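Peer 1: What follows is a single structure, and I will ask about it in a moment.
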Amino acid sequence: MANKGTIFLDEIGDMAMPLQSRLLRVLQENEFERVGGTKSIRTELRVIAASNKPLEKEVAEGRFREDLFYRLDVFPILIPPLRERREDIMPLSRHFTSIFSKEMNKREPSISQDVEKILLNHEWKGNVRELKNVIERAIILCDEETLMPDHFNINRMAHDRIVLDAPLHEVAESAVRSAEKTRIENALKETHGNKSRAAEILKVSYKTLLNKIKEYGIS
C-alpha cells in the first residue's frame, strides 16, 4: 500500500538487527517478499524514520547497522526535546485540548494560569507523547469550563518547584489563590451548594462568588 507513497518508521533505533537487514534490502534493491511468499515485489517509496536515540552512538556500539544508517541519513532533521523548546508547550497543549475535547464530545475548556505554570515547568522526559497523554487524561477528568491542577497527575514536585523558584509576590499570590479556592469549596459544602448562602458566609456579593467559582473551575 506504500508503493509510490511515504512510509513513516517511528523509533527505528529499537528495530531488531534481522529487521534492519530486511529494511536495508528494500532500500537498496526496491523489492521485498511477502511473509510466506517467494515472489519478489518491486516497490517505490519514500521512507521517513524517527528515533529518540542518537543513531551514531547506536552504530558505534553495534546496535544499529552502519550501512542502514547512511541509507537513512540523507536529510536529517534534529528536533530538540520539548524541555528545550518550551515556547511550543502551550500551543501544543491547546492543540491537544481541542482535539480530545472534540473526540469526547466535550466543550473545549480553557487552561488556567496555574496549569500553564505546571506545564511550562515540567521536565517532559517523554516529550510530546507525554504531553499528549497528560492532556488526554485531563480532558477525561474535566467536566468544568477550565482545566485546573486537580485534573493533572504530574509529579507534585512540578508544582512545588514553581513555588520554590518563583519571586516572592508570585509565591504569595499562589498561596492566596489556593486558600481562597479551598475556602469557597468549604462554604459550598457547608451550604450544600447554596451559592446565595455561601456568598453571605464569605461576605462577598453573589456575582463575585460566581466569578470566583468560574475562575477556579469549582463544580
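Peer 1: Can you tell me what share of the DSSP beta bridges in the chain is antiparallel? A percent to the nearest 5 is fine. Please report the intermediate quantities before stating the final value.
Peer 2: Working: 3 of 10 bridges.
Counting only bridges with both partners in the chain, antiparallel ones make up about 30 percent.
Peer 1: Out of the DSSP beta bridges found with both residues in region 5-72, what percent are antiparallel (nearest 5)? It would help to have the intermediate numbers written out before the result.
Peer 2: Working: 3 of 8 bridges.
Of all bridge pairs located within region 5-72, approximately 40 percent are antiparallel.
Peer 1: Then there's this: For the chain, what does -39500 (n - 2.57) per DSSP helix run (n ≥ 4), summed and divided by total residues, give at 222 nm, in deg cm²/dmol to the nearest 500? Can you show the working numbers first?
Peer 2: Numbers: 10 runs with 117 residues, N = 219.
Dividing the helical sum by the residues of the chain leaves -16500 deg cm²/dmol.
Peer 1: Tell me, what is the percent relative contact order of the chain, built from C-alpha pairs under 8 Å that lie six or more residues apart? Walk me through the intermediate numbers first.
Peer 2: Values: 205 pairs, mean separation 30.7, N = 219.
With pairs under 8 Å counted, the relative contact order is 14 percent.
Peer 1: Moving on to the next point. Kindly put GLU44, GLU123 in sequence by how many other C-beta atoms sit within 10 Å of each C-beta, fewest to most.
Peer 2: Working: GLU44 9, GLU123 14.
Ascending number of Cβ neighbours within 10 Å: GLU44, GLU123.
Peer 1: Shifting gears a bit: With each pseudo-label sitting 7 Å past Cα toward Cβ, what's the GLU185-ARG94 distance in nm, one decimal?
Peer 2: 2.8 nm
Peer 1: Got a sec? Which residues in region 65-81 would a label at ARG22 touch, if it sits 7 Å along Cα→Cβ and we count backbone N under 16 Å?
Peer 2: none
Peer 1: Would you be so kind as to identify which of SER112, LEU45, LEU68 lies farthest towards the positive end of the dipole of the chain, taking Lys and Arg as +1 and Asp and Glu as -1 on Cβ and the Cα centre as origin?
Peer 2: So the residue furthest toward the plus end is SER112.
Peer 1: Using θ = phi - 60° and the Karplus curve 6.51 cos²θ - 1.76 cosθ + 1.60, what whole-Hz ³J(HN,Hα) does each residue of region 132-143 get, with Gly and Pro shown as x?
Peer 2: Karplus-based 3J(HN,Hα) across region 132-143 equals 4, 5, 5, 5, 4, 4, 5, 5, 4, 7, 8, 10 Hz.
Peer 1: Taking LYS57 as the anchor, which lysines have their alpha carbon closer than 19 Å to its alpha carbon, excluding any fewer than eight residues away along the same chain?
Peer 2: Candidates past the 8-residue exclusion: nothing left.
Peer 1: Starting from 0 in steps of 5 Å, tell me what percent of the Cα-Cα pairs of region 5-72 lands in each bin.
Peer 2: All Cα pairs, binned at 5 Å, distribute as 4, 16, 26, 26, 16, 9, 4, 0 percent.
Peer 1: Work out from phi, with θ = phi - 60° and the Karplus expression 6.51 cos²θ - 1.76 cosθ + 1.60, the ³J(HN,Hα) of each residue of region 195-206, listed in order in whole Hz, and give x for Gly and Pro.
Peer 2: Once θ is set to phi - 60°, the couplings for region 195-206 become 5, 5, 5, 5, 5, 5, 4, 7, 6, 10, 6, 4 Hz.
Peer 1: Considering every Cα-Cα pair within the chain, what fraction, in whole percent, is farther apart than 27 Å? List each step's numbers first, then the result.
Peer 2: Details: 13199 of 23871 pairs.
Looking at the chain, the distances longer than 27 Å represent 55 percent of pairs.
Peer 1: Another question about this same structure. Starting from the Cα-Cα distance between ARG83 and GLU145, subtract it from 0.36 nm times their residue separation and give me the gain in nm to one decimal. Before the final figure, lay out the partial values.
Peer 2: Values: separation 62, 0.36 × 62 = 22.32 nm, distance 2.77 nm.
Stretched fully, the ARG83-GLU145 segment lengthens by 19.5 nm.
Peer 1: Efficiency by 1/(1 + (r/R0)^6): what FRET value for LYS53 and ASN30, r their Cβ-Cβ distance, R0 = 22 Å, to the nearest 0.05? Before the final figure, lay out each step's value.
Peer 2: Values: r = 27 Å, r/R0 = 1.23.
According to the calculation, E is roughly 0.20.
Peer 1: Separate question: Using the Cα centre of region 21-100 as the reference point, and only Cβ charges (+1 on K/R, -1 on D/E), how large is the resulting charge dipole? Debye, rounded to the nearest 20.
Peer 2: Value, rounded to 20: 280 debye.
Peer 1: Sort MET104, MET148, MET90 by Cβ crowding within 10 Å, fewest neighbours at the top.
Peer 2: Numbers: MET104 11, MET148 20, MET90 14.
Listing MET104, MET148, MET90 from fewest to most nearby Cβ atoms yields MET104, MET90, MET148.
Peer 1: For region 1-126, how big is the tail of P(r) above 20 Å, as a whole percent of Cα pairs? Kindly include the intermediate steps, with their values, before the conclusion.
Peer 2: Working: 4806 of 7875 pairs.
Looking at region 1-126, the distances longer than 20 Å represent 61 percent of pairs.
Coordinate-derived values only; no laboratory data. Computed from a predicted structure; not experimentally measured. Glycine also receives a Cβ, built like all others from the backbone with ideal geometry; neighbour counts cover every protein chain displayed.
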